[in-house]
Amino acid sequence: MQEQIPGDVAALAAAEGLGELRASFGPKRMSAMALTGMAFLTLLGLALVLPGLYFGWRLLQTPNLNAKQAAKRIRCFEHGLVVSDRTGPVAFRWDSTAVLQRVTRNHVNGVYVGTSYLYTLFKPDNSKIELTDFYATPEVWGAAIQHELTRAQLPGVLEMLGRGEHVRFGDIVVGAGGISTVKRGGLRWDEIKRIEVKDGVVCVAKEGKTLAWSNTPVHKIPNFFVFLAVVEHLHG
């Protein structure tokens, strides 16, 4: 069944020329066991007042019990997305948005306890919004955002490079002749042995050198998938 799009979201999507709705992602809901546990902590904490009030407030903020939280959505359209947050709907077009991604595998005492997601979207005017794993299936909508941005922006970036222009990805500048960073200077493509992503860091290795020529965290590279596609195109 097709989702009924709220009037303000539909009007904004039409004004921005976003096209048809492709997918919608709502907030992650707590399981019945987690809700029961939170309710138990609330009742247990009431004996100490402040802990009880805190857990009670947390319980009431869950999408299971809070209508405003439950109404939040990420709606992906053909040419962009609309985020419905507490301040109202905000639109971002695929062809003009920059995104920083931070995907972190968390460990406690060496034991994996889950992955946290943070995607920060920027408009051309530098206004931004942060999307986290508050929304369900972040591995799906996060990949969708990166895929659509790459599809929309890669042809234009390659055209710029073909004209001899340079494209900046944070501290990394890419050109038809090579790659450079603010701190390390530049390397020609034929001087680069490999470019690889390891443990959330982009490592650039120079021919004849053991240590990496540069290391840049993925979360500092805007439109990371566009960057990877450009490197693949130019360096192979």
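The values are calculated or read from the model by the stated rules, or taken from the named source; none is laboratory data. Predicted model only: the values in this text are computed from it and were never measured. Ideal geometry is used to build each Cβ from the backbone, glycine not excepted, and the neighbour counts take in all protein chains shown. These accessible areas exclude ligands, DNA and RNA; they are computed on the full protein's heavy atoms, side chains included. Shrake-Rupley method; radii C 1.70, N 1.55, O 1.52, S 1.80 Å.
For first residues located in segment 72-94 and touching a residue at least 12 places away in the same chain (Cβ under 8 Å) and closer than 18 Å to Gln4 by Cβ, partners that are among the basic types (Lys, Arg) and surrounded by 20 or more Cβ atoms within 10 Å (Cβ to Cβ) and lie 6+ apart or on another chain with Cβ distances below 6 Å form the pairs Val82/Arg75; Ser84/Arg73.
Here are Gly164, Gly177: which of them is over 21 Å from Val218 (Cα atoms) and surrounded by 15 or more Cβ atoms within 10 Å (Cβ to Cβ)?
Values: Gly164 fails: surrounded by 15 or more Cβ atoms within 10 Å (Cβ to Cβ).
Gly177 is the lone residue from the list that is over 21 Å from Val218 (Cα atoms) and surrounded by 15 or more Cβ atoms within 10 Å (Cβ to Cβ).
Scanning segment 118-132 for residues that are more than 26 Å from His233 (Cβ to Cβ) and either surrounded by 18 or more Cβ atoms within 10 Å (Cβ to Cβ) or small (Gly, Ala, Ser) (or both) gives Ser127, Leu131.
One residue stands out among those in segment 3-18 that are acidic (Asp, Glu) and part of a loop (DSSP other than H, G, I, E, B): the one that is nearest to Leu81 (Cα to Cα), which is Glu16.
Is it the case that Val197 is open to solvent by less than 70 Å² (accessible area, probe 1.4 Å), in contact with a helix residue (DSSP H, G or I) (Cβ under 8 Å, 6 or more places away or on another chain) and not small (Gly, Ala, Ser)?
On the way: open to solvent by less than 70 Å² (accessible area, probe 1.4 Å): no; in contact with a helix residue (DSSP H, G or I) (Cβ under 8 Å, 6 or more places away or on another chain): yes; not small (Gly, Ala, Ser): yes.
When the stated conditions are applied, Val197 does not pass them.
When we screen Gln146, Gln153 for residues that are open to solvent by less than 40 Å² (accessible area, probe 1.4 Å), under 11 Å from Val99 (Cα atoms), out of contact with any Leu (no Cβ under 9 Å at 6 or more places or on another chain) and modelled with pLDDT of 95 or more, the only hit is Gln146.
Take Val182 and tell me if it is at pLDDT below 90 and over 18 Å from Gly236 (Cα atoms). Reasoning before the result, please.
Working: at pLDDT below 90: yes; over 18 Å from Gly236 (Cα atoms): yes.
The answer is yes for Val182.
Residues in segment 106-136 that are at positive phi and in a strand (DSSP E or B): Gly114 alone. Let me confirm something: among Ala212, Ala205, which residue is farther than 25 Å from Trp94 by Cβ, in contact (Cβ under 8 Å) with a residue 12 or more places away in the chain and of a type outside the set (Asp, Glu)? Every option except Ala205 fails the conditions.
Counting only residues that are open to solvent by 60 Å² or more (accessible area, probe 1.4 Å), within 30 Å of Asp125 (Cα to Cα) and at pLDDT 95 or above, give me the strands (runs of 3 or more DSSP E) lying completely in segment 47-105 with at least 1 of them. It comes to 88-93.
Kindly evaluate Glu207 against the criterion of being within 24 Å of Gln146 (Cβ to Cβ), open to solvent by 40 Å² or more (accessible area, probe 1.4 Å) and at pLDDT below 95. For Glu207, the condition - within 24 Å of Gln146 (Cβ to Cβ), open to solvent by 40 Å² or more (accessible area, probe 1.4 Å) and at pLDDT below 95 - is not met.
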